[in-house]
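Data first, discussion second: the structure below is written as C-alpha cells.
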C-alpha cells in the first residue's frame, strides 16, 4: 500500500493516521518532493477509474490563474499535473490495482477491508 501524502494537508494527515492505526504496511510518498511521472499518473488514474480532470485541485490559485477555462485533452491535463504536482488532489492511497482519494479520509477504509 502507498499513500501520496502532503504533510501540510489536514485530510492527508487524517488519512495517514487511519493507515497507521490499521497496522497495515504502507509506504509514504511525499509527492511534492518526489512527483509522479506521467506513466505513474496514468496508472493511478486507471486505478482510481477517473478522468485526469477529476484529479485536479481546481480551487488552487495556480489552477485559477493558469488553467481555469482552458480546454485540454486528458493527456494534456496529465502533463499539467506532472509539471505542477501541487495540482494533484490528495491524499491518494494505492493498494494493488485499486486506489482511492482520501476525501473524506474514511475512503481509505474500503482498501483496508481488502487486507482482511
Inset, instruction - Calculate for the chain the 222 nm mean residue ellipticity that helices alone would give, adding -39,500 (n - 2.57) per DSSP H run of length 4 or more and normalising by residue count, nearest 500 deg cm²/dmol. - result: -11500 deg cm²/dmol
Inset, instruction - Report, for the stretch 2-115, the % of DSSP beta bridges that are antiparallel, rounded to 5. - result: 75 percent
Legend entry - Cα-based Kirkwood hydrodynamic radius, the stretch 2-115, one decimal, Å: 14.3 Å
Inset, instruction - Starting from the Cα-Cα distance between residue 74 and residue 38, subtract it from 0.36 nm times their residue separation and give me the gain in nm to one decimal. - result: 11.8 nm
Inset, instruction - For residue 8 paired with residue 109, estimate the spin-label separation in nm (one decimal), with each label point 7 Å from Cα along the Cα-to-Cβ line. - result: 3.0 nm
Legend entry - the stretch 2-115: relative contact order as a whole-number percent, Cα under 8 Å and 6+ apart: 36 percent
Inset, instruction - Within 10 Å, count the other beta carbons around each residue, average over each peptide in 104-113, 30-39, and list them highest first. - result: 104-113, 30-39
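Every number here is computed from the coordinates shown, using simple stated rules; none is lab data. This structure is a prediction, so every number in the text was calculated from the model and none was measured. Quick reminder, even Gly has a Cβ in these numbers, built from the backbone with ideal geometry, and neighbours come from all protein chains shown.
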